[in-house]
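Report on the following structure.
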Amino acid sequence: MEFSEEISNPSTLTEDWNNPFTEEWVNSEYGQNFLTQLQAKMIDPESDVFWTPWHKLAADGFLNPSGNGYLNLSQHLDVHHGYKSYSKWKRENPEQESTFFGFLLWHLIKTLKRPERVFKAFHFRKIATNWYIINNPTIIIPVFMPSGDDIKDAIIPNVYQIETLSEWMDIYIQTVKQTRSGSTHRVSPYIYSLSHLFGNLPNQPFESFHLHWFPGTWVGNISLYFGKRYFPGTRFFPELIEAVETIEENKYSLNHLLLNLLKSGFIKKYALRDLLQGRLQIPCSIKFFHGTLNPGDINFFLEEFLKSLNCLE
């Protein structure tokens with residue numbers, strides 16, 4: 001699951017982060033090899049059915065040096081059943097190294113590779129003077145280095161060719177380990193622009209998150225970040241939840257009340273805890289290009305992602 005030698009090695013052309021895609025790059029052997037490996041197909045605005053009247057009107061209009069055609073949308077997603085599915089899978093695969101973020105990524109990949117038009121639009125990129133659809137995209141995952149003062153990019157190509165969750169977890173875990181060992185190259189502007197960027201900020205309970213951008217390298221690509229998981233109730237009822245977890249038969253009125261509820265059979269301990277905690281949530285922020293996607297498309301994408309994650313397909 002690696003890039004060919006031509007793609008892995010740095011280009012002989014000058015890498016300009018402000019304007020990486022020139023006609024020279026497109027016509028070079030390096031550029032042609034790159035586009036072939038990504039299965040990039042030039043879009044015909046008149047015949048390709050997934051290129052809608054909105055794209056004809058807005059794609060080039062929003063992508064200009066003087067304006068910012070990107071929007072940021074942040075939501076808090078209910079991943080309660082998704083985490084239960086992940087926990088069940090971990091119990092059934094005890095030898096498999098995995099993370100919940102890796103599980104989230106797998107369902108993002110499953111959703112994005114679907115053939116419907118709305119998902120195709122996540123793969124549109126402006127390369128030099130033409131729009132392309134990237135049918136075999138790479139994903140980039142920013143990885144914090146062990147020193148804590150540096151970030152490197154884990155690069156995983158050919159993700160749509162991965163068939164199982166176990167195979168994906170093996171590739172994902174090993175790629176992150178290789179990146180943290182310092183054995184990977186700096187990402188090029190070509191890979192950065194034609195990939196999906198997925199990040200994880202597990203200690204950040206953000207309400208919104210805006211990723212910086214380089215005008216020349218944002219050519220229709222998207223980025224998506226997850227934040228810190230939380231139970232809503234832990235913000236409002238921490239003492240009550242702790243009492244449920246450590247309930248004992250004692251003189252304190254709160255514990256006495258809870259204990260009587262449990263003894264009566266009216267409610268189970270874990271049901272009471274879940275009721276107080278609420279459902280597991282995770283903040284999610286996605287940056288997208290308004291010339292090819294609109295907020296309704298993003299909402300539909302996130303809904304379908306959650307259906308996949310929560311096994312509601």
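Charges at C-beta only: +1 for Lys and Arg, -1 for Asp and Glu. How large is the resulting dipole of the range 125-203 about its Cα centre, in Debye rounded to 20?
Rounded to the nearest 20 debye, it is 260 debye.
Beyond 30 Å between alpha-carbons counts as too far, so tell me which of LYS41/LYS228; LYS152/LYS228; LYS56/LYS287; LYS228/LYS287; LYS177/LYS287; LYS84/LYS126 fall in that bin.
LYS41/LYS228; LYS84/LYS126
Based on Cα positions only, what radius of gyration and what Dmax would you give for the range 25-181, in angstroms?
Both quantities, over Cα of the range 25-181: 18.6, 53 Å.
Name the residues whose placed amide hydrogens come within less than 5 Å of the amide hydrogen of ASP16, ignoring near sequence neighbours (fewer than 5 apart) on the same chain.
It is none; the list stays empty.
Taking only the C-alpha atoms, wrap a convex hull around the range 71-164 and report its volume per residue in Å³ as a whole number.
180
Computed from the coordinates by the stated procedures, all read-outs in this text should not be read as laboratory data. Everything numeric here is computed off the predicted structure, so don't read it as measured data. Here the Cβ is made from the backbone with ideal geometry for all residues, glycine too, and neighbour counts use every protein chain on show.
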